[in-house]
Structures are given as C-alpha cells and as structure tokens.
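Colleague: Following this message is one structure expressed as structure tokens.
The values are calculated or read from the model by the stated rules, or taken from the named source; none is laboratory data. Keep in mind the model is a prediction, meaning the values are calculated, not measured. Methodologically, a virtual Cβ is constructed for each residue, glycine included, from the backbone with ideal geometry; neighbour enumeration extends over all protein chains shown.
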Amino acid sequence: MSNISALQKARYSYQPKLPTVLQGDINKITCSLGDPTESIADQDQVKALFKNTYGAPIVRFSEGSNDFSSKKINAGVILSGGQAPGGHNVIAGIYDGLKSANKDSKLFGFLGGPDGIINGKLVEIDDKFMDEYRNTGGFDMIGSGRTKLETEEHFEKSRKVCEANGINSVIIIGGDDSNTNGAVLAEYFKATNAGITVVGAPKTIDGDLKNEYIETSFGFDTATKTYSELIGNIEKDSNSAKKYWHFIKLMGRSASHIGLECALQTQPNICIISEEVEQKQMTLAQVVEEVTDVVLKRSARGLNFGVALIPEGLIEFIPEVGKLISEINDLLAHNADHFASLASTEAQKKWFASKLSAETAPVFTSLPTGIQSQLLMDRDPHGNVQVSLIETEKMIIEMVGKRLAELKSAGKYDGKFSTQAHFFGYEGRCAFPSNFDSDYCYTLGYSAFILMAQGLTGYISNVSNLHLPASKWAAGGVPLTMMMNMEQRHGHMKPVIKKALVELDGAPFKEFASKRDVWAVETAFTFPGAIQYYGPDDVCNMPTKTLIAEKA
C-alpha cells in the first residue's frame, strides 16, 4: 500500500455510482421475471443441449422486497481471458452486495482464471484485500487465464472444489467464449443437482460481446479512450512535423469496434473497417489502392503526412487472404512433420507456394516477405494463425510504398511517403478504468450478486440505458442461452454466444462513413486527451461515441 501514486490513492476512495434501484437497502429490491425466452437461432439444437436451463426469463430489478438477499452465500469469482479495465470493480460490486446482505457470507477468488476452480487454487477476499484493488485496472487481484471450462472432467473437478469449500455460487467474468462455457457449466451443475449456480459478467475490450440486451462489454470505454488519447497525441505530432504517415494497428481480431470508436473520437485520415472490406469482397490490392488514393489526394495539397487506423484482424476479413490463411492452416495441420523438416524459411515458403491453390498462390507471393514468414509462424492452441503477431500495419505500409514508387516512376506522383508504424493493444488492457467503466462494472457485480442470491443460474448480469446518467440505468439479468446459436468450431457444431460485428447499417458506422471523405483530405484531427476522473459530467462521465450514436 505504500508504493502507490496519488491518483491510485484517490481512486481507492472513489465510490462508484449505482442505478437508483440498487441504492439503499438491498432487502428492498425485487426481481421481476419476464416471459420464457428462446435462443437467437437454432432453437431446437440449443434447447436439446440445455435441457435444464433453456427458456429462462429475462430478469429486471425493481423496488419492492425480497426474502432471498440476506441468506448466507459462499461465492467464488473467476477472471477469464484477456485483461479489461474494470474487472476489479465487478468483484467489488459482488463483494459489497454479498456483505451488505449478510456479513457472514464469503467471497473467494479463484486464482489464475478457470485453472483455479479446476485445481482448487483460491483465496478468501476480505475488506483489506478488496480495498487494495477498488477502481484500479488489471486483473492482478486474483489473476486470469485462458483455460476453457468445457469438458466433463473440468466440470466434475470444479464441483468437487466448490463442495470442499462450501461454495454454492460461481461468477465468471469473461467474454463470449468464457460465458458460453459458463452456460455449459451451469447446465452441468443443474443436471447433476450440484446445488451450485453460475452467473456471468460481460467483459472484452474488443466490444464484440454486445447485443440487444448487452449494450456494451466492460473495458471497451476505457480502452478506446486510452487508445484515442495516444492517437490524438500522434495526430498532434503528425500535424506538427508534417513529414510522417503514421499507420496504427488497433486491437480487435474479430470485429472493428475499437477502430470505429477511435475514429469517431480522433477523426483520422484513414480508418479501415474490416467488416466493410469483407462485405464489399475487396481484394488486398483494392485495400492498398484505397489507402494509396488518400495519400495521393493529400500529397496533391502539399500534405505529405497523415494518420491511418488499421484493425488487428483485417487480413482475415479480406476474402482472398482469409482463404489463403485457411489453406495454410489446413496444410500445416496435415503436414506438420514435413514442414518442420524443411531447412529454412525460404524452403518453407517455396513448399507452400507449390501446394497452395491456383487462387491463393498468387496472393501469397504478392505479400511482403516478412508477412509471408509471419503467416507460417506457430499456430495458437486451436491451430489458427496468431493474428496479433502479423504486422498488418507494416504490410500496408510496404505495399502502399511499392505502389507509390510505381506511380512516381510513371510521373504521376512527386510527393514523399515517410512512415511510422505502431500497434496499440496492451496499452489499453489494464488502464485505470474510466468513471463509466468503474460505475458499470460495479453495477454488473452488484447485479450478479442479486441474481445468484435469487438462486438463478445460467444468467449474465446486464445493465441498460447506459447512455443516461448512472442513476437512470436499468439492471437485471439475461439467460445466456438466449444469446446463443450453433457454429462450427474445430470440426464440430457447438453452442456459442454470437460475436457482434460492426453493423454497416448501424448509426456509429453511418456517422463515420458520412464524414470520412472530408477527414481523408483535410486535416480534421481531434485530440481527446487523457481520461479525466474529476470534473463536469461531459468531461469525466461520458460514455463512448458508439453508445451515444446507437442510442440517439
């Protein structure tokens, strides 16, 4: 506690705001149950897999009374997957709700993510321990992990660990995959009469865990504001020096929500949206040509500088490159020993070029040599290319540079193209949570406690009306099965919570699309600055521009 900054000390004492319905006496909150629900698709298949938890109603909290909140509960909490700002406040919301209802209730933290519940590694959270992590970033309070709770062996070990420690509720704080696994765990516990409930909380800075009921996932607000501060700083530098094009890759493998939000906040000259590239069936050459065109238009105005935002997962959304990656994954899966026996990277590239289809071989050979090598690197545990390791921003730089050199040789371009490459990812994952994320996460945790106190299982806590002041938020819970469909994963059809991609007919994209042509040629940069924690509401309590546009 002695090695803390002044800001950290101040944040410890920040009291997160709650919706009016959750303020005051916890015994005066009632749960209103709606009608039975169905999954968003594949209803018969999903129902067959969740015989005991399918069809549960949506829950809303309202003023009233209850006879459940004061009972003694022992709960265990898991942080699952990558870090996202606000995770500690979800735990704080659970802890405060649990202790205010019954001081004898206990909260345990499973250490190192799902491995903690499988292997029985846990710690009891008390006042002193909790107070060291309130309103702070990171997941270092209990650690996280990427182990998936998906086998009967995992479920049975988890049950035994919970029984040994008297734990009758589990809260999983994670993204779409983690909460899908939570739904399966809830079904197992229900089917085996384990007497253990499971509730989730929506986390992912990528922003792809969202739908009609989950308006945003926690961490997205803080991460995009952190990245936008950095982008704004670079824009200011770019406009000062007037000699560099900055290409910035941003986190977001499966969706471009981060890139879109950061573009709305900073107004760069270029922001590629992966979903639009896929919808238009653009080739890599066409993507490069669009970027080149902006560089040419600005150069014609004497502006040989600018800022371009590139989503991390772009290459998988370019149809021809996505097909190439799929073929490479398949070749590696079936020829791993032969591939490993090849003496050099050049020999590996030559072998691949000879094995690829007539459609994808030219795509592979057109890529910069460094990108070719990166596409052949070690796969992730699921056999997929590790997109975060592909230097997409450098690929675009090199290919645009090559195209500009061709135009210069033809006398069609006489500007300068000096570049800088950046990747913003880890910089945002553990930032001090914004007031919005501090409040939102605390409310998610408090709501999760009420759901488990009510004895509900297979739910995810949710908060709506997030564009309004926190006092006007509505809180409750949504059945996890309601958000599911069936998808093919690793050769098998599995129930999964559907990822939310950028909607090209949605208000945030339309706002961006209506302005990007002006931003492309003019220097219209805006500079959000650092996240503010104190001051007027429009400075320190505003949600993302994405959320505001969606609710407008």
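Colleague: What number of residues within region 31-74 satisfy the criterion of being closer than 30 Å to A164 by Cα, surrounded by 12 or more Cβ atoms within 10 Å (Cβ to Cβ) and under 30 Å from the mean Cα position of the chain (by Cα)?
Modeller: So the answer is 7.
Conditions (1) assigned by TED's automatic domain parsing to the domain that holds R298; (2) in contact with a strand residue (DSSP E or B) (Cβ under 8 Å, 6 or more places away or on another chain); (3) at pLDDT below 95, marked per residue:
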{"position": "M493", "(1), (2), (3)": "no, yes, yes"}
{"position": "E503", "(1), (2), (3)": "no, no, no"}
{"position": "K510", "(1), (2), (3)": "no, no, no"}
{"position": "K515", "(1), (2), (3)": "no, no, no"}
{"position": "W519", "(1), (2), (3)": "no, no, no"}
{"position": "A524", "(1), (2), (3)": "no, no, no"}
{"position": "Y533", "(1), (2), (3)": "no, no, no"}
{"position": "V539", "(1), (2), (3)": "no, no, yes"}
{"position": "T544", "(1), (2), (3)": "no, no, no"}
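Colleague: Which fully enclosed helices (runs of 4 or more DSSP H) of region 490-552 have 3 or more residues being of a type in the set (A, V, I, L, M, F, W, C) and either under 19 Å from the mean Cα position of the chain (by Cα) or crowded, with 17+ Cβ neighbours inside 10 Å (or both)?
Modeller: 507-521, 545-551
Colleague: Regarding region 162-171, can at least one residue be identified that is assigned to a loop (DSSP other than H, G, I, E, B), free of Cβ contacts under 8 Å to residues at least 40 places away in the same chain and surrounded by fewer than 19 Cβ atoms within 10 Å (Cβ to Cβ)?
Modeller: no
Colleague: Given the conditions (1) touching a residue at least 40 places away in the same chain (Cβ under 8 Å); (2) assigned to a loop (DSSP other than H, G, I, E, B); (3) not β-branched (V, I, T), report the number of the one that G195 does not fulfil.
Modeller: Going through the list (1) touching a residue at least 40 places away in the same chain (Cβ under 8 Å); (2) assigned to a loop (DSSP other than H, G, I, E, B); (3) not β-branched (V, I, T), G195 breaks only (1).
Colleague: Let me ask you something else. Do the conditions hold for Y413, that is, is it assigned to a loop (DSSP other than H, G, I, E, B), of a type in the set (F, W, Y) and in contact (Cβ under 8 Å) with a residue 12 or more places away in the chain?
Modeller: yes
Colleague: Same structure, new question: Of the residues S461, S447, which is within 26 Å of T226 (Cβ to Cβ), in a strand (DSSP E or B) and in the same structural domain as I91 (by TED's automatic domain parsing)?
Modeller: Only one candidate passes the filter, namely S461.
Colleague: For region 199-223, give me each residue that is touching a residue at least 60 places away in the same chain (Cβ under 8 Å), over 25 Å from A186 (Cα atoms) and either touching a Ser or Thr at 6+ places or on another chain (Cβ under 6 Å) or acidic (D, E) (or both).
Modeller: Matches in region 199-223: D221, T222.
Colleague: Kindly indicate whether any position in region 75-98 is closer than 20 Å to I196 by Cβ, surrounded by fewer than 21 Cβ atoms within 10 Å (Cβ to Cβ) and either more than 19 Å from the chain's Cα centre (by Cα) or not β-branched (V, I, T) (or both).
Modeller: Checking region 75-98: not a single residue is closer than 20 Å to I196 by Cβ, surrounded by fewer than 21 Cβ atoms within 10 Å (Cβ to Cβ) and either more than 19 Å from the chain's Cα centre (by Cα) or not β-branched (V, I, T) (or both).
Colleague: How do the helices (runs of 4 or more DSSP H) wholly within region 215-288 filter down when requiring 1 or more residues that are touching a His at 6+ places or on another chain (Cβ under 7 Å) and over 21 Å from G428 (Cα atoms): which remain?
Modeller: 220-241
Colleague: So, of the residues in region 298-345 that are farther than 30 Å from G232 by Cα and not in a helix (DSSP H, G or I), which turns out to be nearest to the chain's Cα centre (by Cα)?
Modeller: By that ranking, first place goes to N335.
Colleague: A further question follows. Against the condition assigned to a loop (DSSP other than H, G, I, E, B), of a type outside the set (S, T, Y) and more than 30 Å from Y227 (Cα to Cα), how does L468 come out, does it pass?
Modeller: It is false that L468 is assigned to a loop (DSSP other than H, G, I, E, B), of a type outside the set (S, T, Y) and more than 30 Å from Y227 (Cα to Cα).
Colleague: Something else about it: Of all residues in region 106-134 being hydrophobic (A, V, I, L, M, F, W, C) and within 23 Å of S70 (Cβ to Cβ), which is surrounded by the fewest Cβ atoms within 10 Å (Cβ to Cβ)?
Modeller: M130
Colleague: On the given criteria, is L468 free of Cβ contacts under 8 Å to residues at least 60 places away in the same chain and among the aliphatic types (A, V, I, L, M)?
Modeller: Judged against the criteria, L468 is a match.
Colleague: Let me ask something else about it. Filter region 481-503 down to residues that are closer than 15 Å to N211 by Cα and in contact with a helix residue (DSSP H, G or I) (Cβ under 7 Å, 6 or more places away or on another chain), then give me how many there are.
Modeller: Within region 481-503, residues that are closer than 15 Å to N211 by Cα and in contact with a helix residue (DSSP H, G or I) (Cβ under 7 Å, 6 or more places away or on another chain) number 9.
Colleague: Can you give me the number of residues within region 429-482 that are among the aromatic types (F, W, Y) and surrounded by fewer than 24 Cβ atoms within 10 Å (Cβ to Cβ)?
Modeller: So the answer is 2.
Colleague: Still on this model: Does R134 satisfy the condition of being in contact (Cβ under 8 Å) with a residue 12 or more places away in the chain, basic (K, R), assigned by TED's automatic domain parsing to the domain that holds A201 and within 24 Å of G195 (Cα to Cα)?
Modeller: No.
Colleague: Name, by its number, the condition in (1) modelled with pLDDT of 90 or more; (2) among the small types (G, A, S); (3) surrounded by 14 or more Cβ atoms within 10 Å (Cβ to Cβ) that does not hold for A353.
Modeller: Failing condition for A353: (1).
Colleague: Sticking with this one: So which of S158, S178 ends up being closer than 28 Å to G455 by Cβ, part of a helix (DSSP H, G or I), touching a residue at least 40 places away in the same chain (Cβ under 8 Å) and more than 24 Å from the chain's Cα centre (by Cα)?
Modeller: None of the other options fit; the residue is S158.
Colleague: Related question: Residues in region 381-389: is at least one surrounded by 12 or more Cβ atoms within 10 Å (Cβ to Cβ), on the phi > 0 side of the Ramachandran plot and not charged (D, E, K, R)?
Modeller: Checking region 381-389: at least one residue is surrounded by 12 or more Cβ atoms within 10 Å (Cβ to Cβ), on the phi > 0 side of the Ramachandran plot and not charged (D, E, K, R).
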